[in-house]
Every structure is written in structure tokens, then in C-alpha cells.
Amino acid sequence: MVSGITRYILVQATGPVLLATLALTGIIWLTQALRLLDVIIGQGQSAGTYFLLTLLSVPSVLSLVLPIALFIGVLYALHRLFSDSELVVMFAAGISRWRVAKAFVILTGFVSFLILMINLFVAPAGLREVKQRLYEIRADFASAMIQEGSFNNPMSGLTVYVRSRKLDGTIEGILVHDNRVPLEPVTYMAETGNLVFANSGPRLVMYNGNIQRSNKTDGNTAISLLYFDKYTYDLSQFASGPEDKYYEGRERYLNDLLWPAPDDIYATNFRARLLAEAHDRLAGILYPFMFVFVALASLIAAEFNRRGYAFRLTVSGIIALGARLFSLLLFNITISYPSAAILMYLFPALVCGLAAAVINGVRFDLMLAGMWDRLRALVSTPPKEA
């Protein structure tokens, strides 16, 4: 059963965590969206396609943002409870530190479970869909060539212009200038046309137009003009070969990271990286606990101070940042030394243990100060004469 105090503290902490999550997700999502913008514009895709691709990348952003947002939200909630003297009254009434911490631990458990589900299922599925759609967009070079109202250069020496495209697919005002052979340029003009996709590749079928061929050999320019009712222009000749499609670490499910297929070339070349990615996802459920225990140790274990807790907030932020950077270092170490993967689990657990000791009242600062004084005394003591 959740007591009234636990429920109250849980409500006070949930709001700031949600706000921090929305703010950080929006910032990082914007940077991800800008990375996709050039691809979408260059391939002539719609705003709906752009929005869908950026939306599919949100789960992977959330897995990065949630631990940080939880840390910020818990710090804010604790600071507000202290500033309003609510925690001071609770402690004076005999409520233990761990009873106060219970609400934050419950919230952390929920966030950790959410991160686990995102890391194992939602984020890989979203990133896979993004890669698949980008693959299809890059393969759809014919649509990229036919962008209304602009001169497009799908390759060197080729220029394509269309005035407009109707909803039914009809293209109006077509101009294709082929200058790949500079001495024999060819210009195609037509009133209307359609894109037709056949088994052998895409075709541009033009109606009511003309073909102007120039021959600039021998210093003279000879021009021939041919009118047509219907002319089919082969676009498959401009298609590049298919890209090798493979899934990187972040785009794979856990079983693909741990047990890839024998014929998976990418997994064969980057086996250590995939294993490190798998351990990082599993160890990811410990990071929210690590951050929250650091926040709790910084403020719950602190004595009441009327001048505020700016110093403790700063120290907790530095410790949390340093711990996260060290965990990233462990990830890189695990790539080179797979046996070091156990450290990815032990390190956040160790930080949680030390923070829990501080919450219980252990004064590591006094212990270190005492050890330092004894060391100084030992060094400064003159040796006894024989």
C-alpha cells in the first residue's frame, strides 16, 4: 500500500519529471529533425513524410532523455520540498529518510521499466522503420527528379524541370535537357506527361512535345527538331545500384545483438560493438536509480539550511555528469575488452550503494578528513633517534 505521504511526494515529483522530459525531448528531437531535413528536401518528399520520420525517432531520444529528466525533476522536487520546509516538518515528526525516499524509488522503478521496454522493443522498431523508409526514399530517384517548379540536376549534365504536378499524377510543362555529351545535347519538351513504373524501371511518358537535337561537331551547330504525340523517356538509366542495407547496433533487437545470424556480415565485422550495445541496454535500467540516489544523498542527507542548497545541487549535478561520462567510457572499453562488460553493471550499482550509505547517515567526508589528518600526522612526525 502506498501511504498518503508517499503519494503526495510522488505527485510533487512527477510533474517536474514530465516537464523536464518534454523540454529535453523537444530540444534533442529538433536536432534529429534537422539531420533528416536535407534528405527529405533533396529527395522531394512531403511534409507528412518528414514528420513521420522524425516521430519514429522519438523513442530512441526518450531512452537518452528519461534518466536525465528524472534526475532534474527529482532535484527540483526535493529542493522545493525543503524550501517550503515540508521535509523539515516530516523529519521532525519522526518520518525516516527512507520513507521519504520511497516515493522517488517508486517513480524511478517505473521510469526504469519504461526505459527497458523502449530499449528492447520500441526504439529499435522505430529506427528500423526510419532506415527502411530512407532506403525507399533514396531508391525512388524518379520522384526526386520530378519536382515541380524547380530545375533539378539528378546527375551531371542532366536538367529536369516540370511546371506542376496534379493530384492524379499528371505532369505539366516538362523540360528535360540532356547535356551529358556536350557536342550533342538533346532537349525534350512536352505539354503533359506521366511517370510509369515498369518491371525494367521507371519511365517518363510525354505527350504533345518535341525533341531538339544539336550537333556541334566541326565547329558548326546543326539543329534538328522532331515533334511527337507520345514519347517514352527511360529513367532507369540514371538509377544507381541498390545500397547495401544493414542494421547497426541501435537498430537491432536484443536477440540480434547477442545472437546474430551466421551470414550477418555487419555482425561479423562489429561483433564486439554489438555485444557492448546489448550490455548497455540492459544496464540502462540502473542509470535512473544511480541518478536518483545521487540526488537523494545530496539533499535528503543534508541538514536544514536557510540559505538554500545551491552548493549541494551543483555538487550532485557534477557527480551525476561524471558518473554518466564514466559509464560511456566503460561502453567504449567494453568494445575493446568484452570481459569488462560486468563493470557496466557494477559501476552504477556501486554508486547507488555509496549514495544509500550517505542517506543512512554515513559521513564519508568526515571519514576522508580523518584519514587525511592521520596521514598528515604520520608524515609530519619526526623519526625517533636510535
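What follows draws every value from the coordinates through simple rules; no lab data is involved. None of the values given here were measured: they were computed from a predicted structure. Heads up, the Cβs are rebuilt from the backbone with ideal geometry, glycines too, and the neighbour counts pull from every protein chain shown.
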- request: Report the residue, chosen from Glu172, Glu184, Glu251, that carries the largest GNM mean-square fluctuation when the chain is represented by alpha-carbon nodes joined by springs under 10 Å.
  value: Glu184
query: In degrees from 0 to 90, rounded to the nearest 10, what is the angle of the helix 123-139 Cα long axis to the longest principal axis of the chain?
result: 20 degrees
message: Under 10 Å, Cα contacts only: if you run a Gaussian network model on the chain, which one of Pro67, Pro338, Pro59 comes out with the highest mean-square fluctuation?
response: Pro338
field: Between helix 47-56 and the chain: long-axis angle, C-alpha atoms, 0 to 90°, nearest 10
entry: 30 degrees
- line: Note: Gln237 to Val89 extended length (0.36 nm per residue) minus current alpha-carbon separation gives 45.4 nm
statement: Between the modelled labels at Thr268 and Thr14 (7 Å from Cα along Cα→Cβ) the distance in nm is 5.2 nm
- line: Of Ile95, Ile137, Ile118, the most mobile residue in a GNM of the chain (C-alpha springs, cutoff 10 Å) is Ile95
field: Potential extension, Val379-Leu30 segment - 0.36 nm per residue separation minus Cα distance
entry: 119.9 nm
task: Could you give the size of the charge dipole of the chain about its Cα centre, using +1 on the Cβ of each K and R and -1 on the Cβ of each D and E, expressed in debye and rounded to the nearest 20?
output: 1540 debye
- prompt: Where does helix 364-380 land angle-wise versus the long Cα axis of the chain, in degrees 0 to 90, nearest 10?
  reply: 70 degrees
query: Sorted by packing (mean other beta-carbon atoms within 10 Å per residue), highest first, where do 207-213, 323-329, 287-293 land?
result: 287-293, 207-213, 323-329
- prompt: Just how far, in whole angstrom, is segment 311-374 from segment 247-284 if you go by their alpha carbon centroids?
  reply: 28 Å
message: I'd like to know how the chain sits against the 2.2 N^0.38 Å rule of thumb: what's its Cα Rg over that expected value?
response: 1.52
- request: Go through segment 181-193 residue by residue and turn each phi into a ³J(HN,Hα) via Karplus (6.51, -1.76, 1.60, θ = phi - 60°); whole Hz please, and just put x for glycine and proline.
  value: 10, x, 7, 9, x, 10, 10, 10, 10, 8, 6, 9, x
task: Could you check the simple spin-label distance between Leu114 and Ile5, using points 7 Å along Cα→Cβ, in nm with one decimal?
output: 2.6 nm
task: Any chance you could get the radius of gyration and Dmax over the Cα atoms of segment 145-238, in Å?
output: 13.7, 47
- line: Residue span Phe228 to Trp372: 0.36 nm per residue of separation minus Cα-Cα distance leaves a gain in nm of 42.3 nm
field: Computed FRET value (nearest 0.05) for Asn210 with Ser46, which takes r as the C-beta separation and R₀ as 45 Å
entry: 0.90
query: Under the rule of -39500 (n - 2.57) per DSSP H run of 4 or more residues, summed and divided by the residues of the chain, what mean residue ellipticity at 222 nm is obtained, to the nearest 500 deg cm²/dmol?
result: -19000 deg cm²/dmol
- prompt: If R0 is 41 Å, what FRET efficiency do you get for Asp178 and Arg250 from their C-beta distance, rounded to 0.05?
  reply: 0.45
